[in-house]
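None of the figures in this text is laboratory data; all of them are computed from the coordinates on show. Everything numeric in this text was worked out from a predicted model, so none of it was measured. For neighbour counting, all protein chains shown are included, and Cβ atoms are generated from backbone atoms with ideal geometry for every residue, glycine included.
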Amino acid sequence: VVLFILLGGYPPFEHAKESDKWYQFIVNKKYKNFWKSHRNCGLRQQETDLITRMICFDPDKRISLEKIRKHSWFTNKEILSNDNLIKVLRYRHVKMEQQRNNDPNKQKILQHSMKRPLEAAVIAAIENANKDEHFMASRDPELEVEIETEDKDGNPITKKVKINQQRWYDIGATKEENKYELTDKSQPPVLPDNEIINPQDIYTASTATAFEILQGLEAAITEHLKGVPQEPDYNELVDFQVDTNANKDDAKTNEKDQDGKKKVHTFIDVRNFSLVFEVGIQDLDDMNLSTDSVLIHLGLYSVQVTAGTYCKLVKFTRLRGEREPFLKVIKVLGEKAGEFLAGIDKKIQEAMKNGEKQDEAFQKLYKACFPDSREDQQESQEV
């Protein structure tokens, strides 16, 4: 299943049940019908042959690891380094997102979307973060820290080193600007080079700021999913627990300040560009699952898609609960917050085309991994 997603860009079926319209072909050994239903997936004969042997309904008849290593698809491949593998897979994800964004339903959502200004609660959280000396020090890309190491003779010593945190926000900043200060226009941190982008992760609208995106997602979570956001904890790693006491939630929402005015509040972790929330299974069509909720971490990152071109990406991480409701939550957010989870828009696509022309070596590497892929066929038809 994972191999199919990596090569095709989407799952081969929704549920491993006979009632599933794709999985039924596997159960009944109608593999020709299965691949006919995926005729636009872009997989070649070697790939479909291997996957067919791997997803056989009878576990005893599935191909073994030893035979997988001897399969022609496996033996005819050049093994990529970890860096190149991550780079290729990230780029593959981008190309699949481009196709998804061209969907007419997605375009309809974007045409009727409205951008909301940042709420006072988010602005206040940003201002409070800038007053924290420890937080400001952590944003210094040349933060000096002490590390335990050894000298040339192997003796333990303590050494001071500067850590380049490779943050996005200091790129392009002038000397006159306080490039470490958090603002309403600050960009999220760059996704680490060794971090894989998963199929459920979604690129965002290039016209919206990071905090506008997080604010929109927070609203969609509470309004459409009836989700319960978690209070960010900046001091320690904690085992997230949800306070399901409705009276306490109402009390926090209706809290008043000294002047008797209603206080505003946000659960957005402005320092880490993230949000943690829980959604009850009963709010997802009464799914018959063993857990009663799903807990999700949502993080916003900057990702370099080609030389000089960056996109914002929302990464979803399941902290607790089952996979099915986790994916359902993301699907609902994609529909209800479509103006923010917009995918790769035309502006970025144009920049990517220019970048692709400048990086011929990588394009050659990518096409070696995904020859005659669907996006190449579509582009040639458009030309």
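Take the Cα of Glu14, step 7 Å toward its Cβ, do the same at Leu365, and the gap between the two points is 3.8 nm.
Compared with the direct C-alpha span, the chain from Asn76 to Glu181 gains 32.7 nm at full extension, assuming 0.36 nm per residue.
In terms of the Cα gyration tensor, with a ≥ b ≥ c the square roots of its eigenvalues, is region 1-102 rounded because a/c is under 1.5, prolate because a/b exceeds b/c, or oblate? Numbers along the way, then the final one.
On the way: a/c = 2.16, a/b = 1.19, b/c = 1.81.
Oblate.
Label zone (Lys29, point 7 Å along Cα-to-C-beta; backbone nitrogen cut-off 19 Å) within region 43-66: 49-64. A Förster distance of 41 Å, applied to the separation of the beta-carbon atoms of Glu148 and Ser37, puts the FRET efficiency at 0.10.
Annotation for Val2 and Ala124: the two label points, set 7 Å from Cα along the Cα-Cβ direction, are 4.5 nm apart.
For Asp60 and Glu324, a Förster radius of 30 Å and the Cβ-Cβ distance give a FRET efficiency of 0.70, rounded to the nearest 0.05.
Only loop residues by DSSP count here, and only those with at most 15 other Cβ atoms within 10 Å; note down the trypsin sites (Lys or Arg not before Pro) in region 1-96 that meet that.
Working: sites: Lys17, Lys21, Lys29, Lys30, Lys32, Lys36, Arg39, Arg44, Arg53, Lys61, Arg62, Lys67, Arg69, Lys70, Lys77, Lys87, Arg90, Arg92, Lys95; in loops: Lys17, Lys21, Lys29, Lys30, Arg39, Arg44, Arg62, Lys77.
Those that pass, being in a loop and sparsely packed, are Lys17, Lys21, Lys29, Lys30, Arg39, Arg44, Arg62, Lys77.
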